[in-house]
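Here the structure comes first, spelled out in structure tokens, and everything after it is commentary.
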Amino acid sequence: MLVGLCLFLILLLLFLAVPFWVALGLGTITLLLSTGALPLSLLGEALFQGVDSFALIAIPLFVLTGDVMVRSGLAYKLLDFAEATTGSLRSGFGTSTVLGCGFFACISGSDAADAAAIGRITMGRLVELGYPKPYACALVASGACTGILIPPSIAYIVIGLVLGISSSTLFIAAAIPGVIVLLGVVLTNVLLNRVHGYENSRRAFSLSRWFRALNEAKWALAVPFIILGGIYSGVFTPTESAAVAVAAALLVGMVQGTIRLKDFPAMLETSARVNGVILPIIGIAMLFAQALTVLDVPQDLVHALTSITTNPSGLILIMLAIFIIAGMFMETTPNIVILAPLLYPVAKEIGMNQIHFCVFMITSLGLGFITPPMGLNLFVMSGLTGTPIMAIARRAIPFVVAMISISVLIGFVPELSLWALR
């Protein structure tokens, strides 16, 4: 009852537009005072321990890398290469846009940054080629969902910290599911384009143009290669690869003259703002999760869900529904730090591998970026173009259906998440 009242307090404060970390903090303090789960004197120490992790340094570094790529113009070259690769196909530029989102996801690890960067570059051209503006916004918003699904990903760093799993291991496991989601968005766009005939122009594939685009994008492509190659080969940890990627992107930008010393304060400020939003949430949510564990809430949840059904398929679908609904109302980071410790015991009860659970959870939560009322990517695209959010959301429905289907597939086929590790 006390836990339920504290959760109600948190939801009430969120409804009153109180920042999430403040609402969660007040709810956590109320829970500690009312239950005595943990001494309040440990509050400061617990908050510090919640964010005292080497792995978390990667978060601002990946965000900074993405900002450098945009400011230096390297992100534009990535998109030019994607267009040279697929632009000759039917729905070519739409496919190029989604591939550009995938390339940028390999750098920034953030959905919102992905949507903002690719949206600024592609929106004008998409509309010019015949895509209705709301649909073009939905396409970019959906493609940008790969920001937390394709490694390196801030979400996988956070869930690795919460459940005590190596980020490098999660990055390897997430590679195939992330690409499947990317291909799902591409296929959905191709099918819709065949029905509605959005793109009204096509250009023939040119091998010379492709090689020219590859040459111009070589330094841009080197950045995700450094990040992923370093992590997968074991040369770098995710944090080290993020630091090397920042240095490499800055070096290329300064040599090419597209980055100057006067740009540094603005780039560092962008990274600090993102970090300033994420870290307080992680610190407080880790304390909240500890209190729930002391009160045996995860075990009670296992008993409650298994009393509904003991069928593994049924419990997987229940978890999927929880993830989708939670993603509609909260950002990914608080969802991870609250739900992962609660629902992993349920997954363990049905024999789900820990890595498989993480990939399933992050993929399912990714839907929240294109589903109202939270729908962060919808807000980003609406802010960029002035298009009403609900108009974008309606056009995003086919992509939501595709992503739900892929989440179900990942939930029921563990090999998609575990094959690369074996």
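Bear in mind that the values in this text are calculations on the coordinates, not laboratory data. What you are looking at is a predicted structure, and each value in this text was computed from that prediction instead of being measured. Note that each Cβ is placed from the backbone with ideal geometry, even for glycine, and that neighbours are counted across all protein chains shown.
Taking only DSSP H segments of four or more residues, each worth -39500 (n - 2.57), what value at 222 nm results for the chain once the sum is divided by all its residues, to the nearest 500 deg cm²/dmol?
Value at 222 nm, helices only, nearest 500: -25000 deg cm²/dmol.
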Label point distance in nm, Gln49-Ala222, each placed 7 Å from Cα along Cα→Cβ: 4.4 nm
Over the alpha-carbon set of the range 193-312, divide Rg by the Kirkwood Rh and report the Rg/Rh ratio to two decimals. 1.19
So which trypsin sites (Lys or Arg not before Pro) in the range 20-124 are both in a DSSP loop and have at most 14 other Cβ atoms within 10 Å of their Cβ? Arg90
Round to the nearest 10 and give me the degree value, 0 to 90, for the angle of helix 354-365's Cα axis relative to the longest principal axis of the chain. 70 degrees
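Averaging sequence separations of C-alpha pairs under 8 Å and six or more residues apart, then dividing by the length of the chain, give the relative contact order as a whole percent.
On the way: 638 pairs, mean separation 100.0, N = 422.
Contact order relative to length: 24 percent.
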Using only Cα atoms and rounding to the nearest 10 degrees, what angle (0 to 90) does helix 218-233 make with the longest principal axis of the chain? 40 degrees
Chain lengthening between Glu240 and Phe329 when straightened (0.36 nm per residue, less Cα-Cα): 28.7 nm
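Please report the net charge: other residues with Cβ closer than 15 Å to the Cβ of Phe211, K and R +1, D and E -1.
On the way: positive: Lys77, Arg209, Arg212, Lys218; negative: Asp80, Glu83, Glu216.
Computed value for this residue: +1.
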For the chain, longest principal axis from Cα atoms; helix 154-163 axis from its Cα atoms; angle between them, nearest 10 degrees, is 20 degrees
Listed values [x] 0.97; [y] 1.01; [z] 0.95, entry calculated as Rg/Rh (Cα atoms, Kirkwood Rh): [x]
